[in-house]
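The values are calculated or read from the model by the stated rules, or taken from the named source; none is laboratory data. These numbers come from a predicted model, not from an experiment. Note that we place each Cβ from the backbone using ideal geometry, even for glycine, and neighbour counts take in every protein chain shown. The protein model used for the area step is the full one, side chains on, heavy atoms only, and it has no ligands, DNA or RNA in it. Shrake-Rupley method; radii C 1.70, N 1.55, O 1.52, S 1.80 Å.
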Amino acid sequence: MVRPVAAFDRLGEENAFAVLARASELSAQGHDVINLGIGQPDFRTPEHIVEAAVRALRDGKHGYTDSTGIVELREAVSAHVAGRTGVTIPADRVMIMPGGKVTMFAAIMMFGEPGVDILYPDPGFPIYKSMIDYTGARAIPVPIREENHFAFSAEELLSLITPETRLVILNSPANPTAGVTPRGEINRLVAGLLEHPYAAVLSDEIYDRILYDDAEHVSLLSFPEIRNRVILLNGWSKTYAMTGWRLGWSIWPTALIDRVRKLAVNGWSCVNAPTQYAGIAALEGPQDSVTRMVEEFDRRRRVTVDVLNAVPGVSCVLPTGAFYTFPNITGTGWSAKPLASALLERTGVALIGGPDFGELGEGYLRVSYANSEENIRRGLERVGGFLAEHRAAAH
Ligand code: PLP
């Protein structure tokens, strides 16, 4: 009998992929499935970005690259970050990754071990806790609360830091709640972190350009007092509709960049070359596709929230970032996962139960509006119809 190490038994899952698989299965069987569970933009990657990758292949740019990424791309990231935050980060602190997720993988591997604490948002992206558990570190949930508009509370977060805390994971705008943490709260957090010099910060800012109304994105990079311990996670997946390209970037403190480079050498060598050329075209080319996408998401966001709030027992705050809503379903009498599962199996509407993002996700569903307005309306109509029929039963 083979004997793999126990750490692998502690790895978790991203249930959105399982829901996607089940939705495709039902669809293949002829069911009319409406997917509101999806975590990726339903737009095509803009043509000039696709062209840049095709051109790179035709020009023979398909060999290994530097493990940290081609220098032109790292310089493009550095210029992009300077343009957005006013902070100049040298290109040798930029790491090109095969997707945003790989930065969290690397950062958690770098700080997690038995005996230390890592703080993560709950509800939050499920891979944070999964990877913390893998390393044997203690996973300490930071509650993300509806009454706080799904922003984190600096006071509550700081109260959870101990001398054993090695890493604090932040995510704003957030998945699954779509909460955006305001500047005041981030200022308070940064001030408090000065008392805890051993705690590094992983700031997941992958949704930084998907914002609505007067929401403001405050990058953790913009605080010089903690810049030597902030790892910034970002990438192309959401902003440029490039989830399947597998391309992300991160910014690392000088003291850590060589460690992550070595991890790349040992793991994936480099990101595939044509994809990196596409990344340059995305950052340096026209940005109107991003503006149009966010405008379209904004229209759908309002429709989604209006329709959800009209369903008896459901209440939904108007989110100001990302492309998710996180309706509270406690008034329906249903628990979240049985409801999500019944909705998929009996009405063909795919969405994700809140507990798939952490224990504090109970009582909520994640409804993505990365689908057409027509499908959103049709899907949510089915949800309303199902709940009207099945309200009486206690679940
Ligand atoms: N971080 C958050 C909060 C996400 O929601 C996602 C994707 O859903 C990622 C990171 C990973 O992005 P990528 O597809 O680039 O690995």
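For the reader, a short list of remarks on this structure follows.
- Between the range 74-119 and the range 171-213, the alpha-carbon center distance in angstrom: 14 Å
- Theoretical FRET efficiency, 1/(1+(r/R0)^6), r = Cβ-Cβ of residue 391 and residue 2, R0 56 Å, to 0.05: 0.65
- Each Cα pair of the range 40-146 feeds into the Kirkwood radius, which the Stokes-Einstein equation turns, at 37 °C and 0.692 mPa s, into a diffusion coefficient of 193 µm²/s.
- Cβ-based charge dipole, the range 1-148, positive-most Cα from 105, 28, 143: 105
- The P(r) of the range 63-284 has a tail past 27 Å containing 28 percent of all C-alpha pairs.
- 5 angstrom amide H check on residue 320, placed H, neighbours 5+ away: 180
- Ranked by how many other beta carbons lie within 10 Å on average, peptides 93-104, 46-57 from highest: 93-104, 46-57
- For the chain, size of Cβ-based charge dipole, Lys and Arg +1, Asp and Glu -1, in debye: 660 debye
- Taken over the chain, the convex hull of the Cα atoms encloses 161 Å³ per residue.
- Ligands, DNA and RNA left out, the accessible area of the chain computed with a 1.4 Å probe is 52% carbon and sulfur.
- Residue 128 accessible area, assembled protein chains, probe 1.4 Å, Å²: 0 Å²
- The range 5-59 and the range 235-292 have Cα centres lying 18 Å from one another.
- Over the chain, dividing the summed -39,500 (n - 2.57) contributions of all DSSP H runs of at least 4 residues by the number of residues returns a 222 nm mean residue ellipticity of -12500 deg cm²/dmol.
- Short-range pairs are left out: with C-alpha atoms under 8 Å and at least six residues apart, the relative contact order of the range 148-220 is 40 percent.
- Formal net charge of residues neighbouring residue 115 (Cβ-Cβ distance under 12 Å; K, R +1; D, E -1): -1
- Selected from 169, 154, 254, residue furthest toward positive end of dipole (the range 63-284; charges at beta carbon): 254
- Counting all C-alpha pairs of the range 114-221, share separated by more than 18 Å (%): 45 percent
- Share, in percent, of DSSP beta bridges within the range 63-284 that are antiparallel, nearest 5: 30 percent
- What the Cα atoms of the range 184-323 give is an Rg and a Dmax of 18.5, 54 Å.
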